[in-house]
Each structure stands twice: as C-alpha cells, then as structure tokens.
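The values are calculated or read from the model by the stated rules, or taken from the named source; none is laboratory data. Remember, it's a predicted structure, so these values are computed and weren't measured experimentally. Cβ coordinates were reconstructed from backbone atoms using ideal geometry, including for glycine residues, and neighbour counts include every protein chain displayed.
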C-alpha cells in the first residue's frame, strides 16, 4: 500500500537530510585525511561538500562531532571484519592471524577510514582531554579484540593480561600502517609490513604470558 500523502514530504525531507549528512561526512573524511583534523576548518568541509555552514550545524555541533561520528563508523567497520565472538575455538596463533587479517582487509578496502582511525588514536594518546568522547570507539575496539582472543588463551591468564595482549595486538596491527605510510605510499609495502608484524606480536605476547 502507498504511503499516505501527508507522509511523503516528510519522507523526502528525511532522505534529503540523510544524503546531506552523508555528503558532509564524506567531505569531512577527505579533509581530515588531507589536511589533518587539527589543520582543517569547518569551512573546508562545507566547501568540499558544497553546502553552507548553517547546513553543517544542523547536522553536527562542531568538527569534533563529525570526527567522533566517523571514528564510530571506523571502529564498527573494523569490528565487523573480525571473527565472530562466538566463533569456534581455535589455536591462539590462528586467532591472532584472523585478527591481523581483519585489520589488513580493513586497510585494503577502507584505507580512508583506517587512516582517520590512526589519527584519532594519536589524539586519544596526546590530547583526548581537549576533544571529549574520543575514547569510546577505541575502548570498544580493544574490548572486541579482548573478547575474541579470550577463548584461545589459557584459563590462567589474568583479565589485566588479556587487556594487555589486546592492546599489543592493536599496536602491532595499526603501528605498521603508520610506519609503512611514512616511508612509502604503496599499499603493497604496508600490507607486507603488517604481515611481518604478526611474528613480532606473537613474540611480545609470549613475554606477557611469561611474566
């Protein structure tokens, strides 16, 4: 059955608003990655999206609000690429391989989101107090890794060790992307570096478990 006539304008307006919001997010993602979050202004985003500043403020409070939205998208996308929480128990080494592969696929298919994710990590580490709300997507991301490695770890591993291992895995999966991009613009080089990071990660985790 067709929608009632008085509902159609509202539906069209909602779709237009959704498309405008997405255009602003696409523009923000591009500008954040080309100029850096700190180096861009809202005018850069609105000019790229071809909308006025008033339109921007109808969708976001400020550029940090757009950043938080994009970081939530990035964390959700990356988590969706990880093996399911209730996936069959496998060896710890195989689980690590799966999680590294999830990061690799994310970088290969959505390098724009991955690069912003890395920017956000730096901001959390250096000035999160100045940009409230940045911790949430990263805490969710580390928690997702932790739940996926838990079943493959010995029962004697303490909760704080699981969190430390999850953080090590995140560093091993994201760090090589930063290093690789700093010396080369080639995705192939970054992918190769990510693959090599797996062995270093396993060696580091063994040290954690032996403590």
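Any chance you could count how many residues in the stretch 78-94 are surrounded by 16 or more Cβ atoms within 10 Å (Cβ to Cβ) and under 30 Å from residue 28 (Cβ atoms)?
4
Residue under question is residue 107, and the condition is that it be within 22 Å of residue 171 (Cβ to Cβ) and part of a helix (DSSP H, G or I); does it hold?
yes
So, in the stretch 12-55, exactly how many residues are outside any helix (DSSP H, G or I) and within 16 Å of residue 73 (Cβ to Cβ)?
1
I'm told residue 54 meets every condition in (1) without any contact (Cβ under 8 Å) to a residue 40 or more places away in the chain; (2) closer than 18 Å to residue 20 by Cα; (3) buried (at least 18 other Cβ atoms within 10 Å of the Cβ) except one. Can you identify the failing condition by its number?
Of everything listed in (1) without any contact (Cβ under 8 Å) to a residue 40 or more places away in the chain; (2) closer than 18 Å to residue 20 by Cα; (3) buried (at least 18 other Cβ atoms within 10 Å of the Cβ), residue 54 misses just condition (3).
If the requirement is being within 27 Å of residue 61 (Cα to Cα), at pLDDT below 90 and in a helix (DSSP H, G or I), which of these qualifies: 171, 129?
129
Looking at (1) assigned by TED's automatic domain parsing to the domain that holds residue 16; (2) free of Cβ contacts under 8 Å to residues at least 12 places away in the same chain; (3) in a helix (DSSP H, G or I), which is the only condition residue 80 fails?
The failed condition is (1).
Could you go through the stretch 130-139 and let me know if any residue there is touching a helix residue (DSSP H, G or I) at 6+ places or on another chain (Cβ under 7 Å), surrounded by 18 or more Cβ atoms within 10 Å (Cβ to Cβ), closer than 21 Å to residue 159 by Cα and in contact (Cβ under 8 Å) with a residue 12 or more places away in the chain.
yes
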